[in-house]
Amino acid sequence: MRETEEKRSNAEGGAARPAQEEPGPIPLLAATAPASLQSLLSQTLQALAAAIGDEGARVLIVGICRTPSGEVRTWYELFSEKAVEKLLMPELIRALEALASPERLKLMLALSRGKAGSAELMETAGLTQGQFYHHLRALEASGLVRKRGRDEYEITLHGTSALFTFLAAAAYIHQGLVPETVQEEGEGP
């Protein structure tokens, strides 16, 4: 994820541009994407801008992944500020709590690579048997993981989309935190 200000700063090379030459935020943001995605990103942002109305903010999250078995999983979520009140429900809080644990993220990442048994998952996540089943119960209760057979688990489609959406949001948030941290430590400009 990229921010318009970051691209604007890079495009201007530090020099101020006259106001009449300002291209606007959509072309600037689209220019930060890989060349193969610039047109698609620009069209998507223009469609979101045209439909924003009085909502204040709209976020579109789209994802695709291929599982080790060759299955292609796709998802999208369109979010607006008006949905915030509807989202403050116990099921969402439970899923967020499940995703907020490093151990559970390790388990979900391992499962995103394919079905696995408990011994393999415990080793991958560095968990004891008791810890493993504690975290597994939380993931199953939130609908992110399911048992497929005797001692075989898999991530659900909902779990796949939640995991990678959560990681993308975390990366975006971390990106915004890093410059402040660097500057506070005296390493920044």
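The values are calculated or read from the model by the stated rules, or taken from the named source; none is laboratory data. Please read these numbers as outputs of a predicted model, since none were measured by experiment. Using ideal geometry, Cβ is built from the backbone for each residue, glycine included, and neighbour counts are taken over all protein chains shown.
Quick notes on this one:
- Evaluated against (1) at pLDDT 80 or above; (2) on the phi > 0 side of the Ramachandran plot, residue 36 falls short on exactly one condition, (2).
- Screening residue 51 with (1) in contact with a Lys or Arg (Cβ under 9 Å, 6 or more places away or on another chain); (2) under 19 Å from residue 159 (Cβ atoms); (3) of a type in the set (Gly, Ala, Ser); (4) not assigned by TED's automatic domain parsing to the domain that holds residue 158 gives one miss only, at (2).
- Residues that are in contact (Cβ under 8 Å) with a residue 40 or more places away in the chain and assigned to a strand (DSSP E or B) within segment 77-96 comprise just one, 77.
- Of all residues in segment 152-165 being of a type outside the set (A, V, I, L, M, F, W, C) and farther than 14 Å from residue 107 by Cα, the one that is farthest from the chain's Cα centre (by Cα): 158
- Count of segment 52-76 residues which are touching a residue at least 40 places away in the same chain (Cβ under 8 Å) and exposed (fewer than 13 other Cβ atoms within 10 Å of the Cβ): 2
- Qualifying residue in segment 61-69 (condition: farther than 23 Å from residue 166 by Cα and either at pLDDT below 80 or not assigned by TED's automatic domain parsing to the domain that holds residue 158 (or both)): yes
- Tally of residues being part of a loop (DSSP other than H, G, I, E, B) and either of a type outside the set (Lys, Arg) or at pLDDT 95 or above (or both) across segment 100-129: 7
- Scanning segment 101-137 for residues being closer than 16 Å to residue 157 by Cα and either in contact with a Pro (Cβ under 8 Å, 6 or more places away or on another chain) or surrounded by fewer than 17 Cβ atoms within 10 Å (Cβ to Cβ) (or both) gives a total of 4.
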